[in-house]
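Beneath this line is the structure, given in structure tokens, with notes to follow.
The values are calculated or read from the model by the stated rules, or taken from the named source; none is laboratory data. Note that the structure is a prediction, hence the values are computed from the model and not measured. FYI the Cβ positions are ideal-geometry reconstructions off the backbone, even for glycines, and counts take in every protein chain you see. Accessible surface areas use protein heavy atoms only, side chains included; no ligands, DNA or RNA. Shrake-Rupley method; radii C 1.70, N 1.55, O 1.52, S 1.80 Å.
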Amino acid sequence: MATTIEFLNYFLEQLKDIPDISCRRMMGEYLIYYKGKLIGDICDNRVFIKPVSSALDLLPDAEMCPPYQGAKDMIVLDDLENAEFFAELFDAMYAELPEPKTKKRQA
């Protein structure tokens, strides 16, 4: 089951006051970026974030499971209506997230 546009819009509405959030469609699902760094996925109407240590510290009891078959476990966000917490969480995670890969130019 792919993520519905209604769910995506609902989640993005919760993040509207957090600057530098963007999404990109990928194979019927969505990637979530914060300040240009990949922070998580939206798959099957569920929000998953990378399990970096700061996220694990802020969400010690959170469910973890893979967003799709063959993926590594990620943290599942259950409370999607806490924008203040998301801002704190994303800021804490930012330093631990890898830099985006640079695309090679074709000759």
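Which whole-number percent gives the relative contact order of the range 2-93, counting Cα pairs below 8 Å spaced six or more residues apart?
25
With all protein chains in place and a 1.4 Å probe, the accessible surface of the chain carries 51 percent carbon and sulfur. Straight-line cross-link partners of Lys35 among the aspartates and glutamates, defined as a Cα under 19 Å from its Cα and at least 8 positions apart when in the same chain: Glu13, Asp17, Asp20, Glu84, Glu88, Asp91, Glu96, Glu99.
Relative to the present Cα-Cα distance, how much length would full extension add between Ala62 and Lys35 at 0.36 nm per residue of separation?
7.3 nm
Backbone amide hydrogens, once placed in the peptide plane, bring Cys43 within less than 5 Å of Phe48, excluding anything fewer than 5 places away on its chain. Sequentially through the range 41-52, phi angles give Karplus couplings (6.51, -1.76, 1.60; θ = phi - 60°) of 9, 10, 9, 6, 6, 9, 9, 10, 10, 5, x, 6 Hz, Gly and Pro residues having no value and appearing as x.
Rounded to the nearest 500, the helix-only mean residue ellipticity at 222 nm of the chain stands at -7500 deg cm²/dmol, with each DSSP H run of n ≥ 4 adding -39,500 (n - 2.57).
Cross-link pairs exceeding 23 Å between alpha carbons, from the set Lys16/Lys72; Lys16/Lys101; Lys50/Lys101: Lys16/Lys72; Lys16/Lys101. Highest mean first, the peptides 33-44, 90-101 sorted by other C-beta atoms within 10 Å per residue fall in the order 33-44, 90-101.
Accessible area per residue, 1.4 Å probe, Å², for the range 1-72: what's the number?
That works out to 58 Å² for each residue.
When the alpha carbon coordinates of the chain are projected onto the principal axes, the ranges are 48, 32, 31 Å, largest first.
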